[in-house]
Amino acid sequence: MKYNDNVNIAKYARIENNTQDITLEWEEMRDIFAVVVQCSDSSALKNAKIQYWQMIWPNQRVNKGAVVGAGGSGWMATDDPYNGNWKDADIKAEFQDNLAIYTFNPINNKEFSDIKDFDVNYRRTLKLRILFENKRPEITTIEVYSDSIWKETEIKIEWGEKFSDTSWQGHISVYNGELLSVSSVTQNVSMKDNMSWMCDGRSGAINTKIKFAFNEDINSYDKTIATIRSTEKDFSFLIDDIEAGEKIFIKDLDVLITKSSDNIDYKEFRKTWETNHPKTLYDRIFDLPEQTYDKSWNDMPKKKARGFMPLGCDGGRQKFAVEQNGNVFYTKNFITRSRGKDTDRLLWDGGTIHYGFGFPNVEPTERHRIDGYLPMIYARWEDDGVSYEQSAFATLLDGDILSGEPMQGDDPTILLLKVTLANLSDNPKDIELKLSSRCDIEETLDIKEGFIFATNYEPKRMRYFIDTMGKGSLENSSYNISLAGKESHSIYIKIPFITLIESEFELVKKADYESEFPRVKKFWNDRIAKGSQITVPNEILNNFYKAHVTHMLITDDREPNSDRYASRVGTFPYGVFPDESIMCISDFDRRGYKKEAEERLEMLIHYQGTVGVPGTYSTIEGQYYGAGGYECGGYNKNHGWVLWGLGEHYWYHRDKEWLNRVKPSIIKACNWIINERQSTKNFDENGKKVLEYGFLPAGSLEDVRDFYFWLATNAPTYWGFKNISKALIDAGHSEGKRLLKEAEDYGEDLIRGFRESKVLCPVVKLRDGTWVPHFPPRLYQRGRGFGWLRETLEGAIHLIRSEMLEPHSDEATWIIKDYEDNLYISDRYGYSVEDFERDWFSLGGFSMQSNLLCHTIPYLWRDEPKHFLRGYFNGFTSAFYPDICACVEHALPTLADNNGVWFKPSDEAQSTFWLRLMFIYENGNELNLGMCLPREWLEDGKHVEIERASTYFGEMGYRIDSNVNEGKIIMKLNPPTRNMPEKVNVRFRHPQEKPIKKVLVNGNEWNDFSAEKELIMLGKVDSPVEIIALY
């Protein structure tokens, strides 16, 4: 390599001179090909080591030029400056007097000899260290070369009248490059000695000459970024974009950046753009018909496979799964991690045991939950003239499910199956059901008096019982039966979860499917009826809303020997991820399940400070994360989400006695934030606050564990801190005001850091040809984060959700337009689509974890129902599996696939929250009703209803009946009266968008309404009321 033309990236590193070494650290990973050092003591150079900071690369790596980041690659780990070790590089050294040139041997020669297919002669790292044998000599120069080369370009920067209405001063700084010159283009721009300029407030322009780093690798971080600073507006742009021929039109800042040689006049450019330009996806949604469930479902790629059906009992930790072919499996899961009376009764090898029953390997002709929503599954298959039917549910092995007493988490449960075999032909049929059992080994089965034993152990272990009902035979690991033409016969399979001893076998025999079936139905119907009810003209959504509460109750484990419940976020693989657990707990709150919410919050309060999340924190004292061994993930945002959830619980129930009881825990948690923030309140060498001033210390994000100052950690922490502080004030606690002031100070530090990060980050292009500023997902990220998880799921949208940006602000608009245009549908940050124009409307608007991101909330707050409904329906249908009435966690690797995680109650809780928000949306002391109900649902003769819904103001409900063919829509409202809102606003979204002509309230004409907004402003409402809108 000849280094004259290559980029010396040492200029852009933070250099630290230590006693025995010199260390260079960059803000992002760099590909280092050579290190050149000059010093007065040449002998010191001969014994020096070149070391690089290493943890992830090259074991996980993005190849040069690769387009990755979507799907599974989005979880790829990356190196960070806090975790790793110094790795000795295998180098070649060339010495010339007092100059040393170090280059690298292939990385798999010595350092990573097990990586056979990767023999590169560079090192990718965040930090480089030159370690001397003795004391560090005086270094004259140090140069570090990448494979980027220097080029020069001339760029014109022009602004319009709206950039500023007063005189202003500006200057340019260049990262990964050099500013060579700046000259004025217009007479009203005067140059200063330091290449800064003054403008008189009118439109103007400058020319710049910039030396920039060029690299063909799209993944190289040697990207030259120019930052314009002014007394009015600050922004950055990427030189590569200009070199690619882009015209960077930052419309909202009234700026155009072009190559000088293009000779483009800004006024003419803008005039042409305004006359004819494409629209952003965000803007196109306004022009299209409103999304519906049917269109979204029909446009979504058809699912390639079905899901298994989890079955269990309320609070029980023994959970079964029935697969689409009728086979059954269950797993030890957290039973071995949180000990109980069942822990030592799981006698099979490995984690999971599978039972096969020999049903035909064909698609079910029918498969659904009993009554469409109960946690009881029915399936039917046909093959070779035989019908096979199976229905299944879980219940208590030794207890009364209708006793009214909640079960203990480690109480034994049993899965009851009814199998009906029917000969569909007129001729006799011999039918065989081949039985199998598999864990880490294929078990050998023996049958005795209907009991199925695994004989691989001493003593042999009873697996389940088959009641043949006196017909057919059980032998040789099979059930065999002969059926006459058109004859049918039912048998019963009874599967205990724990491994029973002989004296307990009779419990299994006594378990009766037929008598237990109606009792289990009644149990679950009673549990569902206890909470709020939603009825819409879509039975799938009605069933899902009911089913979801059973998903939470089945997934959550009652902790052995306590009244605490682990709010688990995945029935099989996942324990307590507190941020997602709060999504579920708040769903309980909104439904009116106060006791259930408190039992789950108590788990987090009780184990506060017992386990810490990964990060550079000084203490775990006060942290919300521990959950008695159920804690998972180490997500740094957990703490803020729990604080938010505690606040929400108070707002929904206004239980001051409860808040007073948990107040010591809350204050400890708030003080943890306050204390941890002190370590980042530092200043740079110029006395200026560092970017992370007042942030939480660096820590991991969530499934990706690189330590940084993450937006999606800090924003929710502020959000939760503020919410609980306001709750304490409302309840009259003296600490509330102090804590709210601390929360507000935290928010000010965060928004300063995030906005400065936005300035340092290059603007991004939208589909209408304009460019907008971009908030990166962490500090010191000058561009997009790697992959969909960092950039999309945990990206800038959380600034809106966490109430750090006003929803209608320019900044919020930039974020949602960027998400729609560049992230949701993307080869790097979202889903790829075959035909963009055909697919974007129904396959966009949501992330690769379809229902976890808060993608609908900003649209609700901006009062944009079309956008809200598109995000809701598309996210739901992408993950919904009708036969089990459940949403999968991820539709991956494509929208036709799934990652096999059912139930995923937290993601589902987001979706049911959005459904509830269509009906009820609290905003401060305002109650908004019907703001985003689909127009389709208010077609003539249809009705919607919500009953017994908990709100910030108390319990309420209403029903809307549509008689639009008669020119009216009617609401009967039972308002909340516990603490009445100052304003109640009602929206009727007419199916043909007709404006309201007249309003009657309890039969009297009401004039306070907006026909344009379809909104009726009622003020305070303290008793049931009828509202009629006339058209």
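Rule-based calculations on the coordinates, nothing more; no lab input. It should be emphasised that the depicted structure is a prediction, and the values quoted were computed from it without experimental measurement. Positions of Cβ are generated from backbone atoms using ideal geometry, with glycine treated the same way; all protein chains shown enter the neighbour counts.
Whole angstrom only: what separates the Cα centroid of the stretch 704-740 from the Cα centroid of the stretch 938-988?
So the two Cα centres are separated by 33 Å.
Which distance in Å, rounded to a whole number, links the C-alpha centroids of the stretch 768-831 and the stretch 214-258?
The two parts, judged by their Cα centres, are 17 Å apart.
What nm distance separates the two modelled labels at Ser173 and Lys689, each placed 7 Å from Cα along Cα→Cβ?
1.6
Per the Kirkwood treatment, what hydrodynamic radius in Å, one decimal, follows for the stretch 299-361 from the mean inverse distance over all distinct Cα pairs?
13.7
Convert each backbone phi in the stretch 235-247 into a coupling constant with the Karplus relation 6.51 cos²θ - 1.76 cosθ + 1.60 (shift: θ = phi - 60°), then list the ³J(HN,Hα) values in order as whole Hz, x for Gly and Pro.
Result, ordered by residue: 6, 10, 9, 9, 4, 4, 5, 5, 5, 7, x, 6, 10 Hz.
What are the ³J(HN,Hα) couplings of the stretch 664-679, residue after residue, when phi is run through the Karplus curve with 6.51, -1.76, 1.60 and θ = phi - 60°? Round to Hz, x for glycine and proline.
Each residue's phi maps through the Karplus curve to give x, 5, 4, 5, 4, 5, 5, 5, 4, 4, 4, 5, 5, 5, 5, 6 Hz.
Figure the gain on full extension for Asn675 and Asn660 (residue separation times 0.36 nm, minus the Cα-Cα span) and round it to one decimal in nm.
3.1 nm
Which whole-number percent is the relative contact order of the stretch 328-479 (Cα, under 8 Å, 6+ apart)?
20
If you take the Cα atoms of the stretch 309-529, find Rg, then find the Kirkwood Rh from the mean of 1/r over all pairs, what is Rg/Rh?
Here Rg/Rh amounts to 0.96.
Per 0.36 nm of contour for each residue apart, how much would the distance between Asn925 and Val759 grow if the chain were fully extended, relative to their Cα-Cα spacing?
56.2 nm
For the chain, calculate the relative contact order in percent as a whole number, restricting contacts to Cα pairs under 8 Å that are 6 or more residues apart.
Here the relative contact order equals 10 percent.
Which is farthest toward the positive dipole end of the stretch 670-755 among Asn675, Ala731, Asn686, measuring Cα position about the Cα centre, with Cβ charges +1 (Lys, Arg) and -1 (Asp, Glu)?
Farthest along the dipole direction, towards plus: Ala731.
Considering only C-alpha atoms, what is the centroid distance from the stretch 528-546 to the stretch 662-679, in Å?
Each part's Cα centre sits 39 Å from the other's.
Cα axis of helix 266-275 to longest principal axis of the chain: angle in degrees, 0 to 90, nearest 10?
Around 20 degrees separate the two axes.
What FRET efficiency comes out for Gln20 versus Asp344 if R0 is 60 angstrom and r is the Cβ-Cβ distance? Round to the nearest 0.05.
The value I calculate is 0.60.
For the chain, what is the mean residue ellipticity at 222 nm derived from helices alone (per DSSP H run of n ≥ 4: -39500 (n - 2.57); sum divided by total residues; nearest 500 deg cm²/dmol)?
-7500 deg cm²/dmol
Just rank Thr280, Thr224, fewest to most, by other beta-carbon atoms within 10 angstrom.
Thr280, Thr224
Gain in length, Ile751 to Lys110, computed as 0.36 nm per residue apart minus the alpha-carbon separation, to one decimal in nm?
Between Ile751 and Lys110, full extension yields 226.1 nm more.
Dividing the Cα convex hull volume of the stretch 192-238 by residue count, how many Å³ per residue is that?
113
Count neighbours as other Cβ atoms within 10 Å of each site's Cβ, and list the GluC sites (Glu not before Pro) in the stretch 191-244 that are DSSP loop with at most 10 such neighbours.
Qualifying residues, ordered by number: Glu216.
For the stretch 609-674, just the Cα set please: Rg and Dmax, both in angstrom.
So, for the stretch 609-674, Rg and Dmax equal 12.4, 36 Å respectively.
Normalized C-alpha radius of gyration of the stretch 6-146, against 2.2 N^0.38 Å?
Here the answer is 1.08, to two decimals.
Which FRET efficiency, nearest 0.05, do Asn963 and Glu837 yield, Cβ-Cβ r, R0 35 Å?
For Asn963 and Glu837, the calculated efficiency is 0.35.
As an exercise, use a Förster radius of 51 Å and the Cβ-Cβ distance of Lys192 and Arg738 to find the FRET efficiency, rounded to the nearest 0.05.
The formula returns an efficiency of 0.60 here.
Could you tell me which of Tyr378, Leu1015, Pro865 has its Cα farthest along the dipole of the chain towards the positive end, charges placed at Cβ (Lys, Arg +1; Asp, Glu -1), taken about the Cα centre?
Positive-most Cα among the choices belongs to Leu1015.
Mind checking which of Ser567, Ser425, Pro310 is farthest towards the positive end of the chain's charge dipole, using Cβ charges of +1 (Lys, Arg) and -1 (Asp, Glu) about the Cα centre?
Comparing the listed Cα positions along the dipole, Ser567 ranks first.
Taking the chain as the reference, fit the longest principal axis to its C-alpha atoms, fit the long axis of helix 594-606 to the helix C-alpha atoms, and give the angle between the two in degrees, 0 to 90, nearest 10.
50
Quick check on my link table: of Lys303/Lys817; Lys279/Lys765; Lys448/Lys509; Lys319/Lys341, which ones sit more than 24 Å apart, alpha carbon to alpha carbon?
Where the Cα-Cα span goes over 24 Å, the pairs concerned are Lys303/Lys817.
In a solvent-free Debye calculation with one equal scatterer on each Cα, what is log10 I(q)/I(0) for the stretch 763-907 at q = 0.11, 0.20 Å⁻¹, listed in the order of the q values?
With no solvent term, the Cα-only Debye profile gives -0.40, -1.31.
In the stretch 112-156, which residues have a backbone nitrogen under 18 Å from the label point lying 7 Å from Ser184's Cα in the Cα-to-Cβ direction?
156
From largest to smallest, what semi-axes in whole angstrom does the stretch 924-1030 give when each is the square root of 5 times an eigenvalue of its alpha carbon gyration tensor?
Computed over the stretch 924-1030, the values are 22, 15, 12 Å.
What is the angle, in °, between the Cα long axis of helix 735-760 and the longest principal axis of the Cα atoms in the chain? Nearest 10 is fine, range 0 to 90.
The two axes meet at around 60 degrees.
Using C-alpha positions alone, give me the convex hull volume of the stretch 602-726 per residue in cubic angstrom.
So the per-residue hull volume is 102 Å³.
Please state, rounded to one decimal and in Å, the Kirkwood hydrodynamic radius that the chain gives when every pair of distinct Cα atoms enters the mean of 1/r.
Taking the inverse mean of 1/r over all distinct Cα pairs, the chain comes out at 32.0 Å.
In nm, to one decimal, how far is the modelled label at Thr616 from the one at Thr336, with both set 7 Å along Cα→Cβ?
It works out to 3.7 nm between the two label points.
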